[in-house]
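Student: Below you will find the structure I want to go over with you.
The values are calculated or read from the model by the stated rules, or taken from the named source; none is laboratory data. Note that this is a predicted model, so its numbers are computed, not measured. Counting neighbours? That spans all protein chains shown, and the Cβs are built from the backbone with ideal geometry, glycine included. Each accessible area value is taken on the protein alone, full model and side chains, heavy atoms only, with ligands, DNA and RNA left out. Shrake-Rupley method; radii C 1.70, N 1.55, O 1.52, S 1.80 Å.
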Amino acid sequence: MTDIEPDATVDARGAACPGPLMDLIGNVRSAESGDVIRLLSDTDQSLTDVPEWAEEAGNELLGVEELDDHNAFYVEKA
C-alpha cells in the first residue's frame with residue numbers, strides 16, 4: 001500500500017486500451033499543477049502506456065501499486 005493521497009481517482013477498470021490512458025489524460029488536463037491523480041486500470045498495456053505518457057507530457061509518475069486484479073498509478077501534474 002502506498003501512502004500517497006490522491007486529489008482525484010479515475011476508475012478505468014474494465015476499459016479497453018487506450019481508454020484508461022485517455023481517461024487519465026482528460027483528468028490531468030483539468031487538474032491544478034501539483035494535483036495527484038490516481039488511475040485504476042486492469043489493462044496490462046497501462047504498465048507501459050502510463051509511464052511513457054507521463055514522461056512525454058512532463059508529469060511525474062509518483063508510483064505504481066500492483067494489486068490483486070488491477071494496478072493503481074499515481075501521477076502528479078506538472
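Student: Does at least one position in region 24-33 carry a residue that is in contact (Cβ under 8 Å) with a residue 40 or more places away in the chain and surrounded by fewer than 14 Cβ atoms within 10 Å (Cβ to Cβ)?
Tutor: Within region 24-33 (the criterion being in contact (Cβ under 8 Å) with a residue 40 or more places away in the chain and surrounded by fewer than 14 Cβ atoms within 10 Å (Cβ to Cβ)), the answer is yes, since at least one residue qualifies.
Student: Here's a follow-up. If a residue must be free of Cβ contacts under 8 Å to residues at least 12 places away in the same chain and open to solvent by less than 70 Å² (accessible area, probe 1.4 Å), how many such residues does region 54-70 contain?
Tutor: Summing the residues that are free of Cβ contacts under 8 Å to residues at least 12 places away in the same chain and open to solvent by less than 70 Å² (accessible area, probe 1.4 Å) in region 54-70 gives 1.
Student: Out of curiosity, is Pro51 surrounded by 14 or more Cβ atoms within 10 Å (Cβ to Cβ), without any contact (Cβ under 8 Å) to a residue 40 or more places away in the chain and over 17 Å from Ala8 (Cβ atoms)?
Tutor: Yes, satisfied.
Student: All but one of (1) buried (at least 19 other Cβ atoms within 10 Å of the Cβ); (2) out of contact with any Phe, Trp or Tyr (no Cβ under 6 Å at 6 or more places or on another chain) hold for Asp44; state the number of the condition that does not hold.
Tutor: (1)
Student: On the given criteria, is Ala12 small (Gly, Ala, Ser) and out of contact with any Lys or Arg (no Cβ under 8 Å at 6 or more places or on another chain)?
Tutor: For Ala12, the condition - small (Gly, Ala, Ser) and out of contact with any Lys or Arg (no Cβ under 8 Å at 6 or more places or on another chain) - is met.
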